[in-house]
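Every number in this text was worked out from the coordinates using simple rules, so none of it is lab data. Worth saying up front: this structure is predicted, and the values here are computed from it rather than measured. Cβ atoms come from the backbone with ideal geometry, glycine included; neighbour counts cover every protein chain shown.
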Amino acid sequence: MNLPISFDPPHRLLLGPGPSDCHPRVLRAMAAPLLGHLDPAFTGLMNNLQDLLRKTYQTKNPLTMAISATGMAGMECTLVNLLEPGDKIVVCAAGHFGHRMIEVANRTGAHVIPHTVPWGKVFDLNQIREILQNTRPKVLGIVHAETSTGALQPISELGKLCHEFGTLLAVDAVTSLGCVEVDVDGWEIDAVYSCTQKGLSCPPGLSPVSFSERAAEVIKNRTTPCQSWYLDLGMLMKYWGQDRFYHHTAPISMNYALYEGLRVVTEEGLQARWARHKLHHNALRAGLETLGFAYATQPDAILPQLNAILIPEGLEDLPIRKAMLEEYGIEIGAGLGDFRGKIWRIGLMGYNARRDIVMQVLSALGSVLIRKGHKCDVGAALAAADATY
Ligand SMILES: *Cc1c(COP(=O)(O)O)cnc(C)c1O
């Protein structure tokens, strides 16, 4: 057999919906030698990682840790642990990931009540109140930042509302954590999950989760065993807790990565980090609008870290994304589901929320558009972005 050449990835700027580029400090951290997963040095790192996660999630929840798999495992872990066959869950779905939550919940044997609004829109709290009143579900699931539509769901009052009806609030914070505010305790969230490869600027591979005391109580009082052995929080707690009971081999290097990624977040400060995302979003938005783009998202709900823009009439989706990738090494995201072929998604997440990157993507996109026959003024777009600084 001919030995294939060693893999040297081409240079890319990852401005899609994720993964986003790693922080250089995270990549360096991953190159450190392995430790045994029960080595006191490693379990010490796990404890510190949990503290950093609590800071990032703004929670005191003891049950806060990183699931050894990507964001979808966080979703699955949340649903299979909170739900037993026959339980009721309302899932608010306004995009691809809301619909996935319905699919995952369906497999638990729970009775799933979908509540949908058109893609690009967000939910109305009064309507949710009515549904809670009529259905009294055990859990309400919602996506905070719907990556398929670029919409930020306002959820700061939702936990309180759910608790009026004895319902637990489960939140998908996969695209929001590290980019916009997520206040788990202040917003009374009972279960939350995220990922490492979007706002936290680490590789994909872990899913940070946190569960309130209320949720922990519900999990403890289950009458049927959790249908997933690997994601059974009862056992995972014993590994991440004092017992250090062997459950699975933690992905050591990924935990180094997340630890360093969270150190970067904490060093910058949460408020400063959210402000930075907003700042560079404003610049990108000014540039994109000058290039002639409109957003696909409800105007008061636009996510700073993920810009979902409508593809102008007469332009083709794939050739332009291909030119961006091949000629400029820039990856931007395509539309999913209802938005397939209709939008592009430009992410400025974590380490990538920077002024140089805003200018780079605007000038590359502008040049490609002109070449494809779309009339636009790239100089004016760059000036408009620059003026916001
Ligand atoms: C990316 C994403 C997921 C899935 O996470 P993976 O890490 O790809 O498994 C779930 N929910 C939302 C909102 C996402 O954007």
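Odds and ends about this structure:
- Mean-position separation - Cα centroids, the range 293-307 and the range 18-35, in angstrom: 30
- Placing +1 on the Cβ of every Lys and Arg and -1 on the Cβ of every Asp and Glu, with nothing else charged, gives the chain a dipole about its Cα centre of roughly 220 debye.
- Descending principal axes extents, the range 78-181, alpha-carbon based, whole Å: 34, 27, 25
- Paramagnetic reach from Thr388 in the range 1-37 [backbone N under 18 Å; point 7 Å along Cα→Cβ]: 15-17
- Relative compactness, the range 263-389, computed as alpha-carbon Rg over 2.2 N^0.38 Å: 1.04
- Where labels lie 7 Å past Cα in the beta-carbon direction, separation of Ala31 and Leu325 in nm: 2.8
- Beta bridges from DSSP with both residues in the chain: antiparallel share about 50 percent, rounded to the nearest 5.
- Centroid-to-centroid separation of the range 101-117 and the range 181-251 [C-alpha atoms, Å]: 20
- Gained length - Leu318 relative to Ile5, 0.36 nm times residue gap less alpha-carbon distance: 109.7 nm
- Annotation: lysines with alpha-carbon distance below 25 angstrom to Lys60 (same-chain offsets under eight excluded): Lys138, Lys160, Lys198, Lys220, Lys238.
- The share of C-alpha pairs in the range 1-130 whose separation exceeds 20 Å stands at 68 percent.
- Percent of beta bridges antiparallel (DSSP, the range 86-181, rounded to nearest 5): 10
- Per-residue ellipticity at 222 nm computed for the chain from its helices equals -13000 deg cm²/dmol, with DSSP H segments shorter than 4 residues left out and the rest contributing -39,500 (n - 2.57).
- Rg ratio for the chain: its Cα radius of gyration over 2.2 N^0.38 Å, N being its residue count, equals 1.01.
- Difference of contour (0.36 nm per residue) and Cα-Cα distance, Arg107 to Met72: 11.2 nm
- Folded to 0 to 90 degrees: helix 378-388 orientation relative to the chain principal axis, Cα: 50
- If R0 is taken as 25 Å, the Cβ-Cβ distance between Asp356 and Asp377 corresponds to a FRET efficiency of 0.75.
- Listed residues Thr78, Met235, Ile102: farthest to the positive end of the dipole of the range 24-267 (Cβ charges): Met235
- Inter-probe distance in nm under a simple model that places probes 7 Å from Cα toward Cβ, at Ser228 and Glu181: 3.0
- Rounded to the nearest 20 debye, the dipole size of the range 237-341 about its Cα centre is 480 debye, using +1 on the Cβ of Lys and Arg and -1 on the Cβ of Asp and Glu.
- Relative to the longest principal axis of the Cα atoms of the chain, the long axis of helix 317-328 makes an angle of roughly 80 degrees.
- GNM remark for the chain: springs join alpha carbons under 10 Å apart, and the peak mean-square fluctuation among Thr297, Thr196, Thr249 falls on Thr249.
- Lys/Arg +1, Asp/Glu -1 at C-beta; the chain dipole; positive extreme among Ile309, His115, Leu132: Ile309
- Cβ-based net charge around Asp338, under 15 Å, with every Lys or Arg adding one and every Asp or Glu removing one: +3
- Note, ³J(HN,Hα) from phi for the range 148-159, Karplus 6.51, -1.76, 1.60, rounded to Hz, x at Gly and Pro: 7, 10, x, 9, 9, 7, x, 10, 4, 9, 6, x
- Spin-label pair Arg12/Glu213, simplified geometry with 7 Å Cα→Cβ offset, distance in nm: 4.5
- Relative exposure of Cys92, Cys376, Cys226, judged by other C-beta atoms within 10 Å (fewest first): Cys376, Cys226, Cys92
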